[in-house]
Amino acid sequence: PTLIRLEDYVAPIYWIRTVELSFDLDPAKTLVTSKMQIQRNAAVPHGPLRLHGEELTLLRVLINGESVSFRQEGHELIIEGAPDADFTLEIRNTCAPEKNTALSGLYTSGGGFFTQCEAEGFRRITYFLDRPDVMAVYTVTLRADQAKYPVLLSNGNLLETGELDNGRHFAKWHDPFPKPSYLFALVAADLVSREQRIRTRAGKDHLLQVYVRRGDLEKTEHAMNSLIASVVWDEARFGLPLDLERFMVVGVSDFNMGAMENKGLNIFNTSALLASAATATDADFHRIESIVAHEYFHNWTGNRVTCRDWFQLSLKEGLTVFRDQEFSQDMAAAPSARAVCRIQDVRALRSGQFPEDAGAMAHPVRPDSYVEINNFYTATVYNKGAEVVRMYQTLVGRAGFEAGMKLYFERHDGQAVTCDDFAAAMADANPGSALATRLEAFKRWYVQAGTPRVQARGSYDAETQTYTLTLRQTLPDTPGQTHKQAQVIPVAMGLLGADGQALPLQLQGEAAAQGSERVLVLEQLEQSFVFVNVASAPVPSLLRGFSAPVLLDDGLSDTELLMLLQHDADAFNRWEAGQRLALARIIGAVRAGAALQLDAAFIQAMRAVLRHAELDPAFKALALTLPDEAYIAEQLAAAGHSVDPQAIHAAVEAAHIQLADALHEDWAWAFDAHQVRGGYQPTPQQAGQRALSNQALSMLVLHATRSGTTVWPGRAYQRFKDASNMTDRLGALSALVNAHAELAVPALERFHAQFRHEPLVVDKWFALQGRAAEVDGKTFARVKQLTQHPDFTLKNPNRARSLIFSLCMFNPAAFHRSDAAGYVFWAEQVLQLDAINPQVAGRLARVMDRWNVLAQPYRDAAREAIARVAAKPELSNDVREIIERALA
Ligand code: HT7
Ligand code: ZN
C-alpha cells in the first residue's frame with residue numbers, strides 16, 4: 001500500500017471537460033461506455049494519461065475513434081501516446097454490481113441499482129481521472145428492464161425517456177454543473193416518490209422529490225419538511241439559493257454512511273431518511289433533520305466549491321457540519337433549546353473526537369498523509385473541523401462570518417480549492433479583525449493534531465480591585481508531531497459576583513466596562529488578562545458555549561462549580577459545571593480504587609436541577625446524565641493515568657444507582673410531571689419532556705429492581721405495551737433491559753414480534769441488546785448468541801453496526817473483559833467484515849485505537865488481538881492502515 005502525501009500534490013496532466021456515460025444495467029454484468037472530451041493541462045509538464053480503474057473488465061479504448069495502445073498497471077490504465085491537442089477518449093468496460101458487497105461504486109440493494117462514489121468509488125464504475133480537481137459536465141443514459149427498474153435517475157435534468165426492445169426502457173440526464181466524479185450518482189429501482197414544489201426568493205420554481213420503496217412513503221414527510229426548511233434557511237442565513245430545477249433524495253437500506261450529497265441526487269441510508277412516530281425516536285427525527293440539511297448544504301459547500309484534493313476534506317465537511325449545527329440551533333429556536341443542541345454537539349465531540357485526537361489515529365484537521373482516504377472521514381475532519389469553522393465565527397462575529405462566506409463564493413464558485421483559500425476569504429472579508437491579524441497562527445488548527453490543554457488560574461487583589469486571569473496552553477505530542485507552536489484559542493468568558501450576578505468586564509487600559517461577556521484571545525503559551533474595577537473576588541466562567549475545542553483546567557472548587565451550576569448566564573457552562581462535579585467524584589473514586597460514595601451536596605445540587613421551576617426538561621435530562629465513559633477515560637489518560645474501563649464503569653454505575661435511590665421521589669414526580677398530552681410531535685419541547693420522563697422511568701425501574709419491588713417495572717412494561725410512539729416504547733424497553741428486570745425478556749420478544757418487518761426497528765432491537773448494561777457477562781453472551789439470529793447479517797452495514805459496533809464501541813463494560821473474550825470477538829468480526837466491506841471493517845478496527853492507555857490485563861490482551869489481525873496477509877488497505885498505526 002502506498003502512502004499518499006499532501007506535499008506531493010500535483011495538478012492533473014489532463015482535464016476531462018465533458019463525459020457522456022451510458023449504462024446497460026444488469027446485476028451480473030453492467031456494460032458502461034464512456035466518451036470523454038480531454039484537454040492537456042498546459043500548466044504542468046507533459047506525461048502519460050493515467051486513468052484510475054478498479055474491479056473492472058476493460059473491453060475497448062479509442063482515441064478520436066481509433067484504437068490506441070495502452071497498458072494496465074495495478075489500478076491504472078496508462079496511455080502513453082495521447083495527443084497534445086484536445087481529443088475524444090472512448091472506453092467500454094463492464095462491472096458486476098451484484099458482487100459489490102463493499103457498497104462503493106455501482107451496487108445492488110433490495111433489487112435496485114445504486115451508486116456511492118465518494119471518495120474513490122467512481123473508478124469502480126469506469127476508468128477515469130477519479131480525483132476531485134477534475135471537474136466535468138456529465139450526460140448520462142441509463143438502460144434497464146422497465147418492470148424491475150421503473151425509476152431511472154441520475155444527476156441534473158431529465159432530457160429524454162423512452163421504451164426499448166425486450167421490455168427495457170431508457171432515461172437520459174444532463175447535469176449542467178461541472179462536477180468531480182465523486183458527486184456522480186445513478187439509481188435504477190422500483191421506487192415511489194413524495195413531491196413538493198417550492199419557490200425560491202428569486203421567484204424560481206423547483207421540484208423536490210423523496211424516493212423510497214413503496215411501503216415507506218408515509219415515512220418521508222419529516223424528511224421532506226426538513227428539506228424545505230433547509231432550502232429556506234440557506235437562502236435566509238447565507239443568501240445561498242437552490243440552483244437546480246429538480247432536487248432528488250433517494251433512500252437505500254444498504255449504505256456505508258448516513259447519506260451522500262451527489263449533485264441534485266442525494267442518496268440516503270434509510271436510517272437517515274425514514275421516520276414515523278411508530279418506528280422512529282425523537283433522536284432519529286432530530287438526526288434526520290440534521291442529515292437532510294447537511295447534504296443539502298453541501299450543494300454549495302462541497303459541490304459548487306469543492307476540494308482540490310482529499311487532504312482538504314474538512315474544507316467541505318467541517319464547514320458543512322458547522323452549517324448543519326447552526327441550522328439545528330435555529331430550528332430549535334428557544335435559547336434553552338439552542339443550548340441543548342450545543343451541549344449535544346460538544347458531548348459528541350468529547351466522546352468521539354477527543355479520544356481520536358489522543359490516540360493512534362490522531363491526525364490534523366487537514367491530514368498530511370493517508371493510505372486509504374476512507375479512513376479519514378473522521379470525527380477530527382468533521383467535528384473538530386466544524387469547531388475550527390465556529391472559531392472563525394467567534395473571532396469575526398456573525399456578520400463578519402457571513403461576509404467571509406460571500407467572498408469565498410465570489411472568488412471560488414465552480415472551483416476545487418483548499419482550506420487556505422477559505423481562511424484567506426474569511427480574513428480578507430474582515431480586515432483588521434481578531435482573525436486577520438493572526439491568520440497564520442490561527443491556521444495551526446489545520447496542521448497540528450491533538451487537543452490543546454488550557455490551564456486557567458485567577459487571582460484577586462482586593463486593594464487594587466483587580467482580577468488577573470492567567471491562561472496557559474500546552475499542545476500534546478501526537479504521532480509524528482512534537483514541539484508544537486501556540487494556537488489561537490478564543491476563550492468566551494464572564495465573571496460572576498459573590499451572589500451569582502454577572503459582573504461588568506473592563507480590561508486594564510480600557511476606558512469603560514464593555515458588557516458582561518467577552519472573547520479573550522489566547523495566542524501565546526502564557527498570557528495574563530487584568531480586569532479592573534472588580535468589587536469582590538469573582539468566579540470565572542470560562543470557555544462559554546465551548547468556544548474552542550480544548551481541555552480546560554480552571555482549578556475551580558466545588559463551591560465555585562455549584563455557584564456556576566446555579567447562576568451562570570451561559571447555559572452551556574451551567575451544564576458543564578454539573579458535569580465537572582460528577583467527573584471529579586467519578587475520577588476520585590477510580591483513582592483511589594475505592595467504591596464511589598456521592599456526597600449530600602452533589603445529590604442536593606442534582607435534585608435542585610431536577611426540581612427547578614424554570615429549566616427546560618431537555619436541559620435537565622442532559623444535566624442529570626453522567627459524563628460519557630469514553631470521555632472519563634480520556635480525562636484519566638490526559639492526566640497520565642492508565643485506563644481501567646471496568647473501574648470507570650463501576651464508578652459510573654454506582655453514581656447512577658445512588659442518584660436513582662436518593663432522588664427516588666423526585667424521579668417519580670418528574671415522570672408524572674413530564675407526560676406529553678396530545679398527539680406526537682417531534683418538537684424540541686415534546687422531545688425534552690419525553691427525554692426527562694424516560695430518564696426518570698429508567699431510574700425508577702433501576703431502583704425498584706434493586707430493592708425487589710415490582711410496581712415500576714410493571715408500569716414500565718405497561719408503558720412499553722401501550723406507548724403511542726417509538727421514543728416512549730423504546731424508553732420503557734431500555735429501562736427494563738438495562739435494569740435486567742424480569743419483564744425485559746417478554747418485552748424483548750414482544751418487540752421483535754411486533755416489528756420484525758421493519759428493518760430499522762429490528763436494528764434498534766439489536767442495538768439495545770448490544771448496549772445493555774453488563775451484569776455477570778450476560779450482555780456479552782447474549783450478543784454472541786445474537787450473531788446467530790436469523791435476522792443478523794454482516795452484509796448490511798446498519799445491522800452490523802447495530803449489534804457489533806454497539807458492543808465493541810459503546811459498551812465498554814461488556815467489551816473490555818479480563819478474559820479477553822471481547823477482544824477475540826472483535827478480531828473475528830473485523831476479519832469477517834473485511835472480506836465483505838473494508839470501509840465498515842476499518843471503522844470497527846478503530847475500536848482499538850486507544851489500547852495503549854489501557855491498564856493491565858486489558859492492555860496486553862488488546863495488543864495480542866490487534867497483532868492477530870495484523871498477521872492476516874489478506875487484509876484490506878482500510879484495515880491494515882488502522883492496525884499498523886495502532887501497533888506503531
Ligand atoms: N460526503 C459524504 C461522505 C462519504 C460517504 C457517504 C456515504 C457512503 C460512503 C461515503 N464515503 C464518504 C457524506 C457527508 O459527509 O455528507
Ligand atoms: Zn458531509
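Values as computed for the structure displayed
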quantity: Residue among A613, P682, L207 farthest towards the positive dipole end of the chain, charges placed on Cβ; calculated: P682
quantity: Cross-link reach list, lysines versus K99, counting only Cα pairs under 16 Å and skipping chain neighbours closer than eight places; calculated: K29, K795
quantity: Taking region 191-300 and dividing mean pair separation by its residue count, relative contact order in percent (alpha carbons under 8 Å, at least six apart); calculated: 26
quantity: Over region 1-190, relative contact order from alpha-carbon pairs under 8 Å, at least 6 apart, %; calculated: 23
quantity: Mean ellipticity per residue at 222 nm, deg cm²/dmol - from DSSP H runs of n ≥ 4 across the chain, formula -39500 (n - 2.57); calculated: -12500 deg cm²/dmol
quantity: Equivalent ellipsoid semi-axes, region 726-799, via Cα gyration tensor eigenvalues times 5, rooted, Å; calculated: 19, 16, 10
quantity: Cα-based Rg of region 118-256 normalised by 2.2 N^0.38 Å, two decimals; calculated: 1.14
quantity: Ordering of 532-540, 806-814 by burial proxy (mean other Cβ atoms within 10 Å per residue, highest first); calculated: 806-814, 532-540
quantity: Cα Rg over Rh - region 331-443, Kirkwood; calculated: 1.01
quantity: Gyration tensor over alpha-carbon atoms, region 767-874, equivalent ellipsoid semi-axes in Å; calculated: 20, 19, 11
quantity: log10 of Debye I(q)/I(0), alpha-carbon scatterers only, for region 445-583 at 0.17, 0.21 Å⁻¹; calculated: -0.93, -1.30
quantity: 5 Å binning of all Cα-Cα separations within region 509-637, expressed as whole percents from 0 upward; calculated: 2, 8, 17, 20, 19, 15, 9, 6, 3, 1, 0
quantity: Diffusion coefficient, µm² s⁻¹, Stokes-Einstein with Kirkwood Rh over alpha-carbon pairs of the chain at 4 °C and 1.567 mPa s; calculated: 45
quantity: Peptides 591-601, 846-856, 105-115 ordered by average Cβ neighbours within 10 Å, highest first; calculated: 105-115, 846-856, 591-601
quantity: Heavy atoms of T437 accessible to a 1.4 Å probe, total area in Å² rounded to 10; calculated: 100
quantity: More than 27 angstrom apart: percent of Cα pairs within region 1-190; calculated: 27
quantity: Alpha-carbon radius of gyration plus Dmax, which is the widest Cα pair, for region 832-888 in Å; calculated: 11.1, 33
quantity: Proximal aspartates and glutamates relative to K172, as straight alpha-carbon distance under 13 Å, when same-chain residues fewer than 8 apart are discounted; calculated: E20, D24, E160, E163
quantity: Cα gyration tensor of region 191-300 - equivalent ellipsoid semi-axes, whole Å, descending; calculated: 22, 14, 13
quantity: Members of K384/K872; K316/K443; K219/K778; K721/K764; K35/K316; K384/K406 lying beyond 25 Å, as alpha-carbon distances in this model show; calculated: K384/K872; K219/K778; K35/K316
quantity: Protection proxy ranking of 287-293, 43-49 - average other beta-carbon atoms within 10 Å, highest first; calculated: 287-293, 43-49
quantity: Cα lying deepest toward the dipole's positive end in the chain, options Q514, V534, A136, charges on Cβ; calculated: A136
quantity: Whole-angstrom gap from region 282-357 to region 643-721, using each part's C-alpha centre; calculated: 29
quantity: Compactness relative to 2.2 N^0.38 Å, alpha carbon Rg of region 279-338; calculated: 1.28
quantity: Average projected area [Cα convex hull, region 635-753], square nanometres; calculated: 9.3
quantity: Relative contact order, percent, the chain [alpha-carbon distance under 8 Å, six or more residues apart]; calculated: 8
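The values are calculated or read from the model by the stated rules, or taken from the named source; none is laboratory data. Treat the numbers as computed from the prediction; the structure is a model and nothing was measured. Positions of Cβ are generated from backbone atoms using ideal geometry, with glycine treated the same way; all protein chains shown enter the neighbour counts. Side chains included, ligands, DNA and RNA excluded: accessible areas come from the protein's heavy atoms. Shrake-Rupley method; radii C 1.70, N 1.55, O 1.52, S 1.80 Å.
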